[in-house]
Amino acid sequence: MAYKFTGRLFCSAALFSICSTVTLAQNATSPAPPVIDVHVHAMDGNFPGVAPMCPNTSKFTASDPKDKEAPFGWVKEECTPALYPSAPGEYIKDVIAEMERLNVTAVTFGDPKSVQKWRDAAPARIIPGTSFSNGMAPGQRVALDELRRDFTTGGFKVMGEIGLQYEGLSPSDPSVDAYFALAEELDIPVAIHMGTGGSGRANVAMPKFRGSMGNPLLLEDLLARHPKLRVQVMHAGYPMIDNMLTLLQANSHVYVDVAGLIWSYPIKEVNRYIERLVDAGFEDRVMFGTDQLVWPKLMSYSISMIQNADYLTPQQKRDILYNNAARFLRIDGAQGK
Ligand SMILES: [Zn+2]
């Protein structure tokens with residue numbers, strides 16, 4: 001399906017090769033403190049995954065256009081820990097088992113039918129999200145009234161993932177402004193893909209993708225037009241840290257998530273990026289996310305990246321893993337302090 005090669009493959013940026021040995025997060029004896037994952041996709045396990053997937057690649061290798069290039073630059077290689085897809089038909093069950101074990105609640109994005117499967121499987125752990133181009137070819141849009149119904153009567157809570165960058169469009173493009181106006185009117189937060197993307201083969205696999213359309217400062221006009229809009233910059237605008245900080249400083253309704261980037265790039269680089277966000281004073285606007293697609297153990301792996309971050313205080317870790325998202329999503333009874 002064309003859409004699968006545009007709006008949803010946001011985390012295919014890495015050429016996975018060598019991985020780290022970060023200990024997987026687990027807690028076998030006492031209930032784990034609550035975690036909110038603000039970036040999960042309502043997949044059913046049919047995503048074309050790589051097995052094993054080696055998180056936090058250490059390098060991105062060159063390719064030559066004279067060779068036949070695979071649509072993704074994912075390299076099949078041995079590593080520890082390696083992440084594997086589920087057995088056929090087991091994916092949703094496996095991820096939800098992980099969410100129970102790790103005490104995770106997840107904002108889960110997709111077309112309403114796909115998200116419903118997840119809601120049915122774990123109603124208390126799924127915060128439903130949907131957007132205006134879910135499951136459609138690039139440029140095709142869900143009717144405004146239909147989307148309005150999703151949020152007013154369908155129980156959806158977040159508008160996302162908005163993948164305009166995969167269409168080569170700025171989030172401030174006037175052609176989609178009515179959707180953002182709707183989100184502002186209904187007081188629904190929006191989650192917009194900004195930054196990381198492509199796969200090292202962007203021109204082959206996703207010819208409309210533009211790295212430049214992930215520039216966080218492209219959100220400025222949108223925010224000026226919709227001053228009450230609550231924005232989640234997915235992937236934290238990676239790697240455009242200076243522009244990301246500029247936007248955060250100027251717009252205090254803006255939060256970021258670290259999904260995708262947390263496991264797609266070299267560990268040192270990931271930690272440096274998150275540390276920079278925190279050191280710049282935005283520790284209360286960084287939210288945890290995975291970009292969960294096809295590997296059930298990705299969730300514990302990604303949590304461990306925050307838990308093992310020696311540059312974060314215990315309080316900052318709890319804020320990133322839970323409190324910041326609870327505030328952004330206005331979840332009552334925020335806990336975890
Ligand atoms: Zn994305």
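The values are calculated or read from the model by the stated rules, or taken from the named source; none is laboratory data. Note that this is a predicted model, so its numbers are computed, not measured. Note that each Cβ is placed from the backbone with ideal geometry, even for glycine, and that neighbours are counted across all protein chains shown.
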Practice item. Could you tell me whether Thr196 is at pLDDT 95 or above and of a type in the set (Ser, Thr, Tyr)? Key: no
inquiry  = Against the condition part of a loop (DSSP other than H, G, I, E, B) and either farther than 25 Å from Val40 by Cβ or more than 15 Å from the chain's Cα centre (by Cα) (or both), how does Phe151 come out, does it pass?
reply    = no
Residues of segment 135-164 being without any contact (Cβ under 8 Å) to a residue 60 or more places away in the chain and closer than 15 Å to Ile192 by Cα, in sequence order, are Met159, Ile162, Leu164
Note on Ala183: of the conditions (1) under 24 Å from Gly237 (Cβ atoms); (2) touching a Pro at 6+ places or on another chain (Cβ under 7 Å); (3) more than 16 Å from the ligand (Cβ to nearest atom), unmet is (2)
Per the list (1) more than 17 Å from His193 (Cα to Cα); (2) surrounded by 19 or more Cβ atoms within 10 Å (Cβ to Cβ); (3) away from the ligand (no atom under 16 Å from the Cβ), residue check on Leu248 breaks on (1)
Checked Leu312, Leu247 against criteria (in contact with a Pro (Cβ under 6 Å, 6 or more places away or on another chain) and not hydroxyl-bearing (Ser, Thr, Tyr)); the one match is Leu247
Counting only residues in segment 209-229 that are touching a Phe, Trp or Tyr at 6+ places or on another chain (Cβ under 7 Å) and in a loop (DSSP other than H, G, I, E, B), the one farthest from the ligand (Cβ to nearest atom) is identified as His226
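For (1) within 23 Å of Leu293 (Cα to Cα); (2) more than 16 Å from the ligand (Cβ to nearest atom); (3) surrounded by fewer than 17 Cβ atoms within 10 Å (Cβ to Cβ), each residue gets a yes or a no:
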{"site": "Gly135", "(1), (2), (3)": "yes, no, no"}
{"site": "Val142", "(1), (2), (3)": "yes, yes, no"}
{"site": "Asp145", "(1), (2), (3)": "no, yes, yes"}
{"site": "Arg149", "(1), (2), (3)": "no, yes, yes"}
{"site": "Thr153", "(1), (2), (3)": "no, yes, yes"}
{"site": "Phe156", "(1), (2), (3)": "yes, yes, no"}
{"site": "Gln165", "(1), (2), (3)": "yes, no, no"}
{"site": "Asp177", "(1), (2), (3)": "no, yes, yes"}
Picking from Ala62, Ala14, the residue that is surrounded by fewer than 19 Cβ atoms within 10 Å (Cβ to Cβ), at pLDDT below 85, assigned to a loop (DSSP other than H, G, I, E, B) and of a type in the set (A, V, I, L, M) would be Ala62
Checked segment 251-266 for anything away from the ligand (no atom under 15 Å from the Cβ) and either more than 19 Å from the chain's Cα centre (by Cα) or buried (at least 20 other Cβ atoms within 10 Å of the Cβ) (or both); matches are Asn251, Ser252, Val254
Over segment 87-134, the set of residues assigned to a loop (DSSP other than H, G, I, E, B), among the charged types (D, E, K, R) and closer than 22 Å to Arg149 by Cα is Asp111
